[in-house]
Amino acid sequence: MNSFTKVLGVASFAISLAASAGIASADALRAHTTAPGAAPNTMTKLLAKYAEDAGIDVQVIEGQKLIKSMLLLGQGKIELMPTIVGQYARLATGTGPYKDMGDKGPEIADGIRSLMEFNAATMQTFAWESTGIKTYHDLRGKKVYVGPGGGGAGTDTEEVIRLVTGMEPGEYESFKAPWGEGMAMMRNGQVDAMVRVAPVGAAIIQEFGLSKPIRFVQIPEEDLPKVQPYLKVPGRSMSTIPAGTYEGQTNTEAVNTFSFVAGMAVNADVSDDVAYTLTKAFWDNVDEIKASASFLSTLDPQNPFTVLNVKLHPGALKYYDEAGIAVPDALR
């Protein structure tokens with residue numbers, strides 16, 4: 001059993017207990033996260049495990065749409081969750097999926113405070129090699145699973161396709177469903193291509209390449225200037241999926257795509273002691289955490305912030321100040 005399995009085994013046991021109880025105990029932190037297999041899910045479970053070791057109970061509720069959970073966090077209806085930097089920026093400015101909320105969006109955003117930052121995931125669009133799809137332009141007339149309905153991923157995928165190709169849903173068939181259903185649609189041949197936001201090299205994507213050849217859909221070099229508007233949202237950056245990343249992958253060159261930065265955040269009313277303990281428990285075990293999941297291997301305890309845009313909770317800030325770690329003024 002590898003270290004990742006051992007670490008998450010404890011957290012998964014705690015999750016199953018919480019599920020059987022139906023509700024969290026009075027002192028437990030309620031945490032929302034994504035479906036299993038995604039980086040935010042892994043990060044949440046790791047933090048829950050080390051929080052438990054430090055005496056803090058966390059009830060983890062999986063399979064949530066973070067774009068909605070963030071509203072619950074800001075209103076104090078949950079206490080802990082991974083927050084995607086770009087999604088938080090939209091909430092704080094009342095734009096994107098929050099554009100119809102008026103002043104309520106920024107007000108809710110003010111109820112969210114962060115603990116730490118991590119590299120969340122990469123947008124990975126792939127098709128069966130047999131479809132002949134090689135670039136985003138080849139999606140015309142095809143059936144494409146774009147991500148969950150009402151979630152950030154589905155909206156983001158349609159935006160990227162629009163920017164790169166000029167196509168709107170209808171010029172290709174856009175399917176939205178929970179991640180698990182989307183993956184089943186791909187396996188069963190109900191769609192020609194799909195998007196999965198996950199760490200590069202993720203097992204949940206590798207399973208497709210083990211069944212038959214897959215090709216990751218390329219954004220051609222000449223189209224890269226078109227996606228600059230997408231990159232203006234904080235926390236997004238260009239990245240690549242190298243050739244040979246997955247068994248069964250037919251690409252012979254790196255594929256252009258996007259990566260996303262996230263943070264672990266709490267409701268602003270969580271006590272300073274709890275926020276401090278959560279933060280300390282994480283960084284005290286950072287070597288084990290880095291060894292548990294490849295996407296966390298770049299964590300740097302001495303330089304932990306790059307593009308995080310959610311102000312730190314006072315309890316977390318106390319930890320960083322005591323540890324002598326530089327904190328950007330914007331996060332104070």
Checklist entry - Within the group 331, 312, which residue is under 30 Å from residue 202 (Cβ atoms), at pLDDT 95 or above and either surrounded by fewer than 16 Cβ atoms within 10 Å (Cβ to Cβ) or touching a helix residue (DSSP H, G or I) at 6+ places or on another chain (Cβ under 6 Å) (or both)? => result 312
Next on the checklist: If I filter the stretch 7-30 for residues that are of a type in the set (Ser, Thr, Tyr), at pLDDT below 95, buried (at least 16 other Cβ atoms within 10 Å of the Cβ) and more than 21 Å from residue 116 (Cα to Cα), do I get at least one hit?
Outcome noted: yes
Next on the checklist: Need a quick list: helices (runs of 4 or more DSSP H) entirely within the stretch 222-324 having at least 2 residues that are within 25 Å of residue 57 (Cβ to Cβ) and outside the structural domain of residue 156 (by TED's automatic domain parsing).
Outcome noted: 272-284, 286-292, 314-322
Checklist entry - Name the pairs: first residue in the stretch 29-49 and touching a residue at least 60 places away in the same chain (Cβ under 8 Å) and farther than 22 Å from residue 196 by Cα, second residue surrounded by 24 or more Cβ atoms within 10 Å (Cβ to Cβ) and among the aromatic types (Phe, Trp, Tyr), Cβ to Cβ under 7 Å, at least 6 apart or on different chains? => result 47/282
Checklist entry - In the stretch 79-92, is there at least one residue being hydroxyl-bearing (Ser, Thr, Tyr), under 20 Å from the mean Cα position of the chain (by Cα) and farther than 30 Å from residue 29 by Cα? => result no
Checklist outcome for this item: Given the conditions (1) assigned by TED's automatic domain parsing to the domain that holds residue 297; (2) under 29 Å from residue 46 (Cβ atoms), every one holds for residue 155 apart from (1)
Checklist entry - Which helices (runs of 4 or more DSSP H) does the stretch 56-112 wholly contain that include 1 or more residues that are under 24 Å from residue 179 (Cβ atoms) and of a type in the set (Ser, Thr, Tyr)? => result 66-74, 85-93
Item to check | Filter pass, residue 45 being among the basic types (Lys, Arg), closer than 28 Å to residue 240 by Cα and modelled with pLDDT under 95 | outcome: no
Checklist entry - Residues of the stretch 137-147 being on the phi < 0 side of the Ramachandran plot and either free of Cβ contacts under 8 Å to residues at least 24 places away in the same chain or in contact with an Asp or Glu (Cβ under 9 Å, 6 or more places away or on another chain) (or both), which ones? => result 137, 139, 140, 142, 143, 144, 145, 146
Checklist entry - In the set 51, 35, 39, which member is modelled with pLDDT of 95 or more, in contact with a helix residue (DSSP H, G or I) (Cβ under 7 Å, 6 or more places away or on another chain), among the small types (Gly, Ala, Ser) and in the same structural domain as residue 289 (by TED's automatic domain parsing)? => result 51
Checklist entry - touching a residue at least 12 places away in the same chain (Cβ under 8 Å), within 20 Å of residue 210 (Cα to Cα) and among the small types (Gly, Ala, Ser) - does that describe any residue in the stretch 124-136? => result yes
Checklist entry - So which residues in the stretch 175-188 are free of Cβ contacts under 8 Å to residues at least 40 places away in the same chain and touching a strand residue (DSSP E or B) at 6+ places or on another chain (Cβ under 8 Å)? => result 175, 176, 177, 182, 183
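The values are calculated or read from the model by the stated rules, or taken from the named source; none is laboratory data. Here the structure is a predicted model, which means the values were calculated and not measured. With ideal geometry, Cβ positions are generated from the backbone for all residues, glycine too; neighbour counts draw on all protein chains shown.
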